[in-house]
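Here's the structure we're looking at; comments come further down.
The values are calculated or read from the model by the stated rules, or taken from the named source; none is laboratory data. Quick caveat, the model's predicted, so the values are computed rather than measured. Note: ideal-geometry Cβ built from the backbone for every residue, glycine included; neighbour counts use all protein chains shown.
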Amino acid sequence: MAEAFAARKGRSGSVGLTLDLDELGHNYNRKTVAASMKRQGLVAKAAKKYKATTDADHNLPVAPNHLGQDFSAQAPNRKWVCDITYLWIG
């Protein structure tokens, strides 16, 4: 069971491990697998929750797009762009 858990990088719970073990020919009940995981200290990693990092719904002015997604330039130093990914506000 620990090998099957490690093969899934610790992301499978008792249901996933039960299915994996069933494919290997071991027919165990999900509750049995859950109890065995608990005894062995195997805890599945929870998926990270989505966290909104940008609030696009605001009344602040938006800078104009002068470049218009045309990144080709006739000579060096003709077009300069930057991206501000983080501003400390508080």
Segment 29-84 - residue that is among the β-branched types (Val, Ile, Thr) and in a loop (DSSP other than H, G, I, E, B) and, of those, nearest to Phe5 (Cα to Cα): Val43
Condition met for Lys38 (closer than 26 Å to Gly10 by Cα, out of contact with any helix residue (DSSP H, G or I) (no Cβ under 8 Å at 6 or more places or on another chain) and at pLDDT 80 or above): yes
Any chance Ala46 is of a type outside the set (Lys, Arg), farther than 30 Å from Tyr86 by Cα and either surrounded by 14 or more Cβ atoms within 10 Å (Cβ to Cβ) or free of Cβ contacts under 8 Å to residues at least 60 places away in the same chain (or both): no
